[in-house]
1. Could you grab the relative contact order for the stretch 3-64? Cα pairs under 8 Å, six or more apart, rounded to a whole percent.
2. Fewest first, what order do PHE223, PHE284 take by the number of other Cβ atoms within 10 Å?
3. What are the residues whose amide H is under 5 Å from the amide H of PHE120, where those residues sit 5 or more places off or on another chain and H is modelled from the backbone?
4. Please compute the net charge surrounding PHE284, taking Lys and Arg as +1 and Asp and Glu as -1 over other residues with Cβ under 13 Å from its Cβ.
5. Compare the peptides 176-185, 17-26, 228-237 by average per-residue count of other Cβ atoms within 10 angstrom and give them in order, highest first.
6. Over the stretch 81-302, what is the relative contact order in whole percent, taking alpha-carbon pairs under 8 Å and six or more residues apart?
7. If you average over every viewing direction, what projected area does the convex hull of the Cα atoms of the chain give, in nm²?
8. Under the rule of at least 5 residues apart or a separate chain, name every residue whose amide H is placed under 5 Å from the amide H of THR274.
Amino acid sequence: MSKKLSYTVTENGGRLDKVLSAAFPEFTRSKIQNWIKNDAVMANDQPIKANYKVKLGDQITITVPEPKPLTAQPENIPLTIVYEDDDVIVVNKPQGMVVHPSVGHEAHTLVNALLYHTTFSDINDQIRPGIVHRIDKDTSGLLMVAKNELAMQSLSAQLKAKTNERVYLALVHGIVKADKGTIDAPIGRDPKNRQRQAIVADGRHAVTHFEVLQRFYNSNFTFIKCILETGRTHQIRVHLRYIGHPIAGDPVYGPKKTLAGNGQFLHAAVLGFTQPRTGEVLHFEAPLPPIFEKTLAQLQKNN
């Protein structure tokens with residue numbers, strides 16, 4: 001069922017879409033504009049346009065349409081498969097690929113590609129079959145995927161027990177002074193921007209260990225290794241911003257003046273876990289994407 005939201009305008013003169021974006025930060029501006037376009041937004045019981053200048057006391061109502069149920073369909077998308085057996089698949093995800101379907105990313109995801117490539121047995125999740133952990137759209141690197149319920153349970157338990165190995169490589173702004181360090185700060189949804197995460201007092205426990213690999217003094221960047229102890233949404237990106245060294249190229253948590261690339265310079269380089277059925281310890285490494293390698297070479301040249 002659709003639901004109705006109401007808002008009383010408290011100031012004169014703002015554009016309707018901007019005012020509603022501020023009033024309802026859980027919704028994107030584009031989504032609100034789409035609702036206005038489809039006459040789902042009324043001012044004083046009259047449909048209006050996105051550029052309508054609101055007036056003090058205007059009664060705004062939004063009829064939020066019922067979300068369409070998401071279904072993932074197989075798509076013939078090339079995959080870089082690092083390892084596969086009857087229980088698990090390890091893929092090297094490229095930058096720009098979303099892991100599983102969501103609103104705004106209903107197709108062309110890693111899940112769509114996996115459904116074309118293989119069969120998931122006795123896993124009922126239609127949107128995230130086999131996905132036990134994920135990496136952000138613009139983060140590249142290794143991801144483990146369960147092919148059946150036994151593997152799903154085992155890999156999930158390993159993540160919870162922190163027994164698997166996850167190492168990331170990142171290029172960050174500024175010169176990180178400490179050779180090694182640990183960031184222990186709770187992460188939750190940013191109260192000022194519902195689309196982001198932030199360090200919040202009542203957030204979930206989050207720990208990231210880091211080690212400096214190289215400092216680029218002339219360019220004011222540092223190449224570091226990050227080891228995840230926990231796996232919160234955007235954890236490395238939020239933690240590094242918190243200590244004053246946001247990831248280069250990060251469009252959400254980094255500065256606007258940054259290195260050109262395809263998103264944040266963050267790569268899941270190492271992944272290790274225990275094979276769910278045999279107990280064998282598996283270890284995988286993925287090389288940096290070409291743009292990451294090229295950028296490091298240029299910084300080295302300038303150094």
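Only the coordinates and a few stated rules stand behind these numbers; no lab work does. The structure displayed is predicted, hence computed values, not measured ones. Every residue, glycine as well, gets a Cβ built from its backbone with ideal geometry; the counts of neighbours run over all protein chains shown.
1. Details: 104 pairs, mean separation 32.1, N = 62.
Relative contact order, the stretch 3-64: 52 percent.
2. Working: PHE223 21, PHE284 18.
Ascending Cβ contact count within 10 Å gives the list PHE284, PHE223.
3. Hits under the 5 Å cutoff: none.
4. Numbers: positive: LYS93, ARG166; negative: GLU84, ASP85, GLU165, GLU280, GLU285.
Here the count lands on -3.
5. Numbers: 176-185: 13.8, 17-26: 16.7, 228-237: 19.9.
Result, highest mean first: 228-237, 17-26, 176-185.
6. Values: 457 pairs, mean separation 45.1, N = 222.
It rounds to 20 percent for the stretch 81-302.
7. Details: hull surface 73.7 nm².
Averaged projected area of the chain's Cα convex hull equals 18.4 nm².
8. Here LEU282 satisfy the definition.
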